[in-house]
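Enquirer: Here's a structure for you.
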Amino acid sequence: MKNEVTENGPPGPQGGLAPQPGLDQLDALVTRVRVAGIRVGVELSLPPGPLPAGVDLAAYRVVQEALTNTIRHATGAAASVSIRYEGDRLEIEVTDTGGTRRGPSHTGGRGLIGLRERLAVYGGTLDAGRTPTGGYRILARVPWRSS
C-alpha cells in the first residue's frame, strides 16, 4: 500500500469528474489515515451554515497535506486535527507527536507552498514547523465569511 492519502472517488455523472472534497469528507480521510497506521484525534467546531466552497476545499486540503506528511515522515506518530472558528476566521490545526524517521529527510516538496498559495487566495495564512517536543504542527487561518 502506498503511504499517502489520495482521492480516488468515483467519476461524476456522465463520466465527468467528481466534485472536489470538503470537510464533509473529513471522516473518510481520517479513516484512510488510520488504516495507514496513524492514530488520529479530531475536534470540530464549525461555524453555522455551509462554508464557501473554496474555503471548504482549502480547509480539507490543509488536513490532507498535514496527515499525508505525518504518514510519510513520522512513522508511529499520533496526530491531532482541530478545526474551529472564532468570529469570521476558521482555524485549522494539525499536529503530530513525531515518530521514527524512515531514511534521510527529503526536502523540496511543494505541498506546503501550494497550501500557502491556496490560503492566500482567501486572505488566509499558514504556519508550519517543528514543535519543542519533536513533533510537527501546521496552523492555517482563513476568513470563512466576509466581514
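The numbers here are math on the coordinates, done by the rules we state, and not lab data. None of the values given here were measured: they were computed from a predicted structure.
Enquirer: So what is log10(I(q)/I(0)) for segment 37-146 at q = 0.14, 0.22 1/Å, when the Debye sum runs over its Cα atoms only?
Expert: With one equal scatterer per Cα and no solvent, log10 I(q)/I(0) is -0.54, -1.19.
Enquirer: Right, here's the next one. Return the Cα extents of segment 25-101 along principal axes one, two and three, sorted largest first, each rounded to a whole Å.
Expert: Largest first, segment 25-101 extends 39, 20, 16 Å along its Cα principal axes.
Enquirer: Let me ask another. Can you tell me how segment 13-69 classifies by the Cα gyration tensor, rounded, prolate or oblate, using a/c under 1.5 as the rounded cut?
Expert: Since a/c reaches 1.5 but b/c is at least a/b, the shape of segment 13-69 is classed as oblate.
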